[in-house]
Amino acid sequence: MEPAAQDCHQPIVQIKDVSFHYRDQQVIKDLNFTIKERDFVGIVGSNGAGKTTLLRMIVGLLPAAEGTIELFGQPIRKFQDWERMGYVPQKNAFNPLFPATVREVVISGLYNRKKMFRRLSRMDHQKCEDALEVMRIQDIADKRIGALSGGQQQRVFLARALINRPDLLILDEPTIGIDAET
């Protein structure tokens, strides 16, 4: 009889006794789970069940009312290594008249919360081209983001989330507006 294989994958997200409420409405109560390296996790629930709220807490946009969230072994309030995470929100709020090209939007994913105005290297530009290729949007790289269809815009935001080759990718309803080809 062989010994059971040990799980050597490290936790990358740990949710412990997490609760959240909007004013007096409880949205999430006493939630506990762990996501380890190489896990693929889908969160399913009815509208208003708190799926987006949970994802916003994991990416640090909302604080948990109670409990703890750890990312890569660190409490979220101390976590600094945001380039290890890619995030595509349910709805990207942007001004469609803003004169940014697809390439500029994708490469903006390289700017994390600390290094906003650093100069881009040749390797940074190659990462952008790689992300454009992965999402098959090289042919629209020089078009304005506001001129694209909703599905094309979603592919741009996916490329932006992938540009850092993140260890954790958080996607909130990523297939909305995506065509069958994608």
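Name every residue in region 43-62 that is of a type in the set (Val, Ile, Thr), assigned to a loop (DSSP other than H, G, I, E, B) and crowded, with 16+ Cβ neighbours inside 10 Å, in order of residue number. Spell out how you get there, then give the answer.
Applying the first criterion (of a type in the set (Val, Ile, Thr)) to region 43-62 yields 43-44, 52-53, 58-59.
Still in the running and assigned to a loop (DSSP other than H, G, I, E, B): 43-44, 59.
Hit for region 43-62 is 59, nothing else.
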* Asked: Can you spot a residue in region 6-20 that is of a type in the set (Val, Ile, Thr), crowded, with 16+ Cβ neighbours inside 10 Å and part of a helix (DSSP H, G or I)?
  -> no
* Asked: Among (1) within 14 Å of the chain's Cα centre (by Cα); (2) outside the structural domain of residue 163 (by TED's automatic domain parsing); (3) crowded, with 18+ Cβ neighbours inside 10 Å; (4) not hydrophobic (A, V, I, L, M, F, W, C), which single condition is residue 86 missing?
  -> (2)
* Look through region 39-54, keep the residues that are aliphatic (A, V, I, L, M) and out of contact with any strand residue (DSSP E or B) (no Cβ under 7 Å at 6 or more places or on another chain), and return whichever of them is nearest to residue 72 (Cα to Cα). => 43
* Could you look through region 98-116, keep only residues that are part of a loop (DSSP other than H, G, I, E, B) and over 16 Å from residue 82 (Cα atoms), and pick out the one that is modelled with the lowest pLDDT? => 98
* Asked: From the residues in region 63-90 that are assigned to a loop (DSSP other than H, G, I, E, B) and in contact with a Ser or Thr (Cβ under 6 Å, 6 or more places away or on another chain), which one is nearest to residue 22 (Cα to Cα)?
  -> 65
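The values are calculated or read from the model by the stated rules, or taken from the named source; none is laboratory data. Bear in mind that the values here come from a model prediction, so they are computed numbers and not experimental data. Note: ideal-geometry Cβ built from the backbone for every residue, glycine included; neighbour counts use all protein chains shown.
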